[in-house]
Structure formats: C-alpha cells, structure tokens
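Data block below; observations after.
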Amino acid sequence: MKVLKLLVLAMCFPIYLFAQTADNDNDDNNNNINNYDRSLLHGYGYLMLHDGHFGGGVTGNYFLFKYLGLGPGVEITSFNHRTLVPAFLDLKLRYPLPRITPYIEGQFGYNAYSSHKILNAGGQQIEYNEKGKQFYGVGGGITYQINKYIGVFAAYTYRGYTYKNPKDIVVNEELIPIPDEHVSTNVFTLGVVF
C-alpha cells in the first residue's frame, strides 16, 4: 500500500511542477532560454528500456543550487517477467549551457518486487518468495531545451539491485542458506523535461 501511495504522489508531482512559473515571466526578454534555469523545480517524464524491457517513470528535482538537484522518482518496468516498481531519490549534478545541459546522476532507492521461487534441495522442492530490496544507480544524460517551459532528454543509468531471500530454509533437519541475489542492469531513458 505504501508503494501505491508513493506512486500516486509521484504521478501528481509533474502537475505541481507544470504550475510553477519562472521568476521573471514579466520581463521584456521572455524568449531568453536561460529563464528555464531559474526555475527551482524540474519534472522528468520518460519511457525507458530496462534490461531489454520497456517501462516508464517520472522524476522531480528541486535544484538547491544552479548545479545540484535532488528529488523523488518512481518507475514501472519488469524483471524476470514480474512487475518491478523502483521508488528512489535522484541526485543530479548538472552544468547548464544555453539550450543544452549535460548532467550526471545518482539514484538510491527501494524496488517493490516479489517473485515466487522453487528450490530443489535434498530431493525436495522448496517454495519461497524473493523480494526486492535496495538499489543504486549511476549514470548521465543530456537535456535540450526547446523553449523555457519544455525540453527533451536522453540518459543512461547503470543500476545494481539486491533481492532479499529467506535467510535459511530447513530441509531434512539440515539448514540450507539462501544468499541475497545481486543483479546489475542497464537503463536507457528518453523523455521530456518541464
């Protein structure tokens, strides 16, 4: 239920971002593309290719300084034919230029994921659930501003996921440890910035 509430909140975040205006909307030079950089909040809506599976997401960044932004993000994609919903904190370090803004990013979060597994041990089939745990991501991208309100971006992120398994399972009075699983993946995104 927490993930659903976070997902709904993240989906509404772009509406809030769209409602904001730049500091100098009443200035004579409204066509100056750098007005966009004076906005404290930026929203990112995107489609993604997550290890060969399509998905999508939204991220919002509050820029504390001209070069540093921080905010929440949520995505919907799949892994091993199961739905995966990563919710994360996104940190962007950018260098704004006229119309083009390259950036690097870091992501830290939790992935809502559950998968039914079967383990053959000691001549028996044992069933258990593998659950999502924390993940991290590092990457970079580039934004192109079409006008002061909207732009497009492309990015690449390398992610490392951890999936939690039961610590130990007893089979024939013997303790069988099941370690957590660590998986890495490549994420390519294309989207709009507003």
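What to note about this one:
- Unique residue being over 30 Å from Glu127 (Cβ atoms), surrounded by fewer than 18 Cβ atoms within 10 Å (Cβ to Cβ), in contact (Cβ under 8 Å) with a residue 40 or more places away in the chain and β-branched (Val, Ile, Thr) when the list is Val192, Val183: Val192
- In segment 78-95, the qualifying residues are those that are at pLDDT below 90 and part of a strand (DSSP E or B), and the one that is surrounded by the most Cβ atoms within 10 Å (Cβ to Cβ) is Leu84.
- Residues (modelled with pLDDT of 90 or more and among the basic types (Lys, Arg)) located in segment 96-119: Arg99
- Residues being within 25 Å of Ala87 (Cβ to Cβ) and hydrophobic (A, V, I, L, M, F, W, C) are entirely absent from segment 116-133.
- Every condition in (1) hydrophobic (A, V, I, L, M, F, W, C); (2) over 24 Å from Asn129 (Cβ atoms); (3) touching a strand residue (DSSP E or B) at 6+ places or on another chain (Cβ under 9 Å) is met by Leu97 except one, and the failing one is (3).
- With respect to the conditions (1) of a type outside the set (Phe, Trp, Tyr); (2) loosely packed, with under 14 Cβ neighbours inside 10 Å; (3) touching a strand residue (DSSP E or B) at 6+ places or on another chain (Cβ under 7 Å), Ile178 lacks only one, and its number is (2).
- Where strands (runs of 3 or more DSSP E) fall entirely within segment 120-190, those with at least 3 residues that are of a type in the set (A, V, I, L, M) and modelled with pLDDT of 90 or more are at 151-164.
- Qualifying residues in segment 129-175 (those that are free of Cβ contacts under 8 Å to residues at least 24 places away in the same chain and farther than 28 Å from Asp51 by Cα) - the one surrounded by the fewest Cβ atoms within 10 Å (Cβ to Cβ): Glu173
- Test: residue in segment 106-119 that is under 20 Å from Leu41 (Cα atoms) and among the aliphatic types (A, V, I, L, M): no
- Qualifying residues in segment 43-75 (those that are touching a residue at least 60 places away in the same chain (Cβ under 8 Å), surrounded by fewer than 22 Cβ atoms within 10 Å (Cβ to Cβ) and under 21 Å from Lys133 (Cβ atoms)) - the one farthest from the chain's Cα centre (by Cα): Asp51
- Residue within segment 85-96 that is among the small types (Gly, Ala, Ser), over 24 Å from Gly55 (Cβ atoms) and in contact (Cβ under 8 Å) with a residue 40 or more places away in the chain present: no
The values are calculated or read from the model by the stated rules, or taken from the named source; none is laboratory data. Quick caveat: nothing in here was measured; it's all calculated off a predicted structure. Positions of Cβ are backbone-derived with ideal geometry, glycine not excepted, and every protein chain shown enters the neighbour counts.
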